[in-house]
Amino acid sequence: MKKGDLTSKLYDELKKRNLFEEDNEEDDNEYSDNDDEDNDDSESNGLYKLGSKAIKILTDRIKDEYTAHYYYRAAANWCQDMNYKKAAEFFKNEAKDELKHSQKLQEYMTDFNIIPEIPQAPTKHSFNNLIGIITGAYKMELGLMKAYNKDSLSLFKEDITTFDFLTEFREIQKGAVVEYNDLINASELIDKTDKFQVLYFEQTYF
Ligand SMILES: [Fe+2]
């Protein structure tokens with residue numbers, strides 16, 4: 001079968017099964033596809049605004065990114081105090097990255113005419129040992145990976161632009177989870193109660 005024939009057959013089949021129905025409806029409604037009540041304010045200038053679901057999701061994630069920022073700042077301070085020099089440097093950079101993530105989420109909102117309300121994130125994080133910092137970071141990053149995955153799924157049908165935007169964040173979270181997963185595996189190679197071995201671990205893996 002020729003390529004053109006195959007395409008038109010596929011098109012007919014999709015049409016027969018009404019799979020284009022939604023697209024057609026949206027075509028009639030091109031400039032009002034965002035029917036959230038939140039966006040119906042009288043000052044509206046006809047420009048597209050994010051819907052309330054996307055706003056709620058992005059606001060929650062801004063809080064999580066700030067939480068991660070404060071967590072890593074606290075971790076860097078603790079490591080600096082304990083003289084784990086390489087780990088301190090590592091967590092300083094992690095903290096900087098988390099701020100960038102939070103900023104990126106906020107800029108996306110302003111790009112679509114929403115002024116973000118920055119939630120208060122928890123700032124107090126205390127630690128007893130380096131391995132505890134790593135397991136805590138793993139839990140935090142895994143939770144955030146799951147949150148971005150869930151958010152993306154729930155936005156997929158109604159806001160594909162925000163879904164696409166979140167792709168980068170899902171990738172980032174996957175990388176973070178794998179990174180801490182590897183550090184936890186490496187920590188299994190040492191006796192975590194032996195200070196000298198923990199120092200060797202820090203020197204080797206950070
Ligand atoms: Fe992040």
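Derivation of every value follows stated rules applied to the coordinates shown; laboratory data play no part. From a predicted model like this one, the values you see are computed outputs, not experimental measurements. Quick reminder, even Gly has a Cβ in these numbers, built from the backbone with ideal geometry, and neighbours come from all protein chains shown.
Within the stretch 66-87, what residues put their amide N at less than 16 Å from the label point 7 Å along the Cα-to-Cβ vector of Q120?
66-67
For Y48 and L99, what is the calculated FRET efficiency with R₀ set at 41 Å and r taken between the beta-carbons, to the nearest 0.05?
0.90
Need the full-extension length gain, D81 to L153, defined as separation in residues times 0.36 nm minus the C-alpha distance. One decimal, nm.
So the chain would gain 21.7 nm between D81 and L153.
Between the stretch 50-79 and the stretch 109-186, how many Å separate their Cα centres?
Going from one Cα centre to the other spans 8 Å.
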